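A short write-up of the structure that comes next.
The values are calculated or read from the model by the stated rules, or taken from the named source; none is laboratory data. It should be emphasised that the depicted structure is a prediction, and the values quoted were computed from it without experimental measurement. Using ideal geometry, Cβ is built from the backbone for each residue, glycine included, and neighbour counts are taken over all protein chains shown.
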């Protein structure tokens, strides 16, 4: 049998243990009678699941937005002497090693 937390703990539900349990029933099972519930537990489970799906969707969309903001920030980063052609140009390193083309003959 399906066991639901909402079946026993729903709004207005009164749980009454049934004793004695049937002889064919396993000992680790508990038999109860539930009455007085304001809403059927299936409706509460569906609403609870729908709310979780909605929150997950909103969280995913927000996470995508934050990632987009962070990636735009990285693209617009400009440090001193960065990519601007009119910015500060530090001293250039000169190499004492002069590279020359190498020709190979057949």
Subject >> region 45-72 residues that are surrounded by 10 or more Cβ atoms within 10 Å (Cβ to Cβ), paired with ones that are not in a helix (DSSP H, G or I) (beta carbon under 8 Å, 6 or more apart) >> reply: 45/4
**OP:** Test each condition in (1) under 40 Å from the mean Cα position of the chain (by Cα); (2) in a loop (DSSP other than H, G, I, E, B); (3) modelled with pLDDT of 75 or more for residue 33 and report the one that comes out false.
**Re:** (2)
